[in-house]
Protein chains: 2
Amino acid sequence: MKCRKCKEKAIIKLYEHNLPLCKEHFLEFVEGRVQKAITDFGMVRKKERVLVVISGGKDSLTLAFLLRKLGYKISLLHIDLGIDGYSEISRKFCEEFAHLYQLPLQVISIKKEWGKGIKELARETYKSPCSLCGLVKRYYFNKFAYENGFSCVATGHNLDDMVSALMANLLGWRISYIAKQTPVLPEEGKLKKRIKPLVYLTEREIAAYAFLQRIPFSRQDCPYAYTASFLKIKHLLNQLEVSSPGTKYSFYLGFLKNKQLFGEGKVTLRECALCGFPTVTEICSFCKTFRKEEVRNYAGES
Amino acid sequence: MKCRKCKEKAIIKLYEHNLPLCKEHFLEFVEGRVQKAITDFGMVRKKERVLVVISGGKDSLTLAFLLRKLGYKISLLHIDLGIDGYSEISRKFCEEFAHLYQLPLQVISIKKEWGKGIKELARETYKSPCSLCGLVKRYYFNKFAYENGFSCVATGHNLDDMVSALMANLLGWRISYIAKQTPVLPEEGKLKKRIKPLVYLTEREIAAYAFLQRIPFSRQDCPYAYTASFLKIKHLLNQLEVSSPGTKYSFYLGFLKNKQLFGEGKVTLRECALCGFPTVTEICSFCKTFRKEEVRNYAGES
């Protein structure tokens, strides 16, 4: 198998593009896809300050690596979820990465903030660890970006993530969520712009890139990942991809062309009566979950 | 496992409804689902004449059995596709069924009409056997219903068929096709109303019903079925159903609630310049495929 570009020995075949590539041209391909996504969707310009949220896994670290390589001004934020036997390792990889590539890193520790980890907080608040984790991450990375003058927050969601979330939301006809499965969510008040520059890359392509660039990343799965039903959907979409390469890519591009069918995905936001950050209701989900006593006091006063 | 209704021994558990049922109550359940679909979507009234298209397989024969049992006035139509070693058996089952239940049956033989079977016609017309088969069936059952005074055509599409077609069309964002994945397609000019009374039943439920009622049906798969990509999607949706029972049902009901997102699915129909039956273009697909010389003559004249 020879590289389509230079006829040297290919090291990977990208089935969805029917494209065998050598190491050099594969790295170029991946970098080109990220730049193309940034340009196509007007994600960010080089003078803006980007906050990259990193978990310690391959996607977010590769995203940080790529944005740095492409010349973007980035800082890193890691949210330490306080899951025993898991979060310590994740954090170590983030710190190692920041040190290796000389990038500023901030860590927000849930245990430091709330005295306990996500697992215990989920039990106390009667939420699933996955939904609580999502809530906590979204709240903290937005707050941090807002308070520290970043123009946007970049996350490591890849094509597989986008497609499986889209499919899960289609299966449940959650229209307002479907409308939001876009590579950019624009800034609105205190809600900072969110961008997903890996949207044109599959998990496989990112893993291969991370491996070839020797990016050290954590290979552990979150101990709660089994509860996430979208993993099942991801697995099924992968089966479909094997029999019809390119299905995921064309499904997502087709969605972007037709997303107006699902409306703007816009809701009227106001500022939470307790923390001041954006919410659709009087008090935001974060405060409702974590500041129960203040919520009670507020309800008593008003 | 006991029947939810009568506490007798259950013979089947309907996972999507979490409902164990005995034979008697399962048969009642299936009949109730068909009547409910007919009522919910205003498919047909008892005084109307219904043309049931039968292939010899379990779905269409069970549909005919059920409509007859529920008191509808039905006639049967079988389209003999002329596939050697397959169509003879299918036709035999249709004839046996019609004889057994004393129902009028008409057979349209593709070999008699065109001198050769679907396989040869597909090769000559550069179409896949599946798309040609669909074209031929739709054309003939509509023409037959129109010319013989039927109020509608009933087909044996079940929930699995509807859901996998919907999913295939969503994956390809074929909006006008998505809009048409409904249990009733209304009459329009010479296009007769089409109804799918098995829309609330899964393949498994229909197979169990056919078995319990001892309906003799052909168990053979069409020799070209492997080319149909929607079979792959059906298989994947079944996997999802096993891990989350009820997914298919709620996905389809959610679609029906939200189908207005995809527009009316209406296109302006006119009459084909050659055969007079409905088409969106000047000459219908059927004539374009089968009446090439007449099409050439027509093009020369006009």
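So, in region A:145-172, how many residues would count as being among the small types (Gly, Ala, Ser), part of a helix (DSSP H, G or I) and closer than 20 Å to B:Thr247 by Cα?
First pass over region A:145-172, keeping only residues among the small types (Gly, Ala, Ser): A:145, A:149, A:151, A:154, A:156, A:164-165, A:168, A:172.
Those still in the list that are part of a helix (DSSP H, G or I) too: A:145, A:164-165, A:168.
After this cut, where a residue has to be closer than 20 Å to B:Thr247 by Cα as well, the list is A:164-165, A:168.
The number of residues fulfilling the criteria is 3.
Write out, first by first residue and then by second, each pair whose Cβ atoms fall under 8 Å of each other, whose residues are 6+ apart or on separate chains, and whose first residue, in region B:135-146, is over 8 Å from B:Leu77 (Cβ atoms) while the second is part of a helix (DSSP H, G or I) and among the hydroxyl-bearing types (Ser, Thr, Tyr).
B:Leu135/B:Ser285; B:Leu135/B:Thr289
Can you tell me which residue in region B:250-277 is surrounded by the most Cβ atoms within 10 Å (Cβ to Cβ), limited to those that are away from chain A (no Cβ under 14 Å) and at pLDDT 90 or above?
B:Cys272
Assuming B:Leu170 fulfils every condition listed in (1) buried (at least 17 other Cβ atoms within 10 Å of the Cβ); (2) within 14 Å of chain A (Cβ to nearest Cβ); (3) at pLDDT below 95 apart from one, which condition is it?
Among (1) buried (at least 17 other Cβ atoms within 10 Å of the Cβ); (2) within 14 Å of chain A (Cβ to nearest Cβ); (3) at pLDDT below 95, the lone unmet condition for B:Leu170 is (3).
Being more than 22 Å from A:Asp160 (Cβ to Cβ), part of a strand (DSSP E or B) and β-branched (Val, Ile, Thr) is the filter here; which residues of region A:39-78 pass it?
A:Val50, A:Ile74
If I filter region B:235-244 for residues that are surrounded by fewer than 17 Cβ atoms within 10 Å (Cβ to Cβ) and away from chain A (no Cβ under 14 Å), do I get at least one hit?
no
The values are calculated or read from the model by the stated rules, or taken from the named source; none is laboratory data. All figures in this text were calculated on a predicted structure; none of them were measured in a lab. For neighbour counting, all protein chains shown are included, and Cβ atoms are generated from backbone atoms with ideal geometry for every residue, glycine included.
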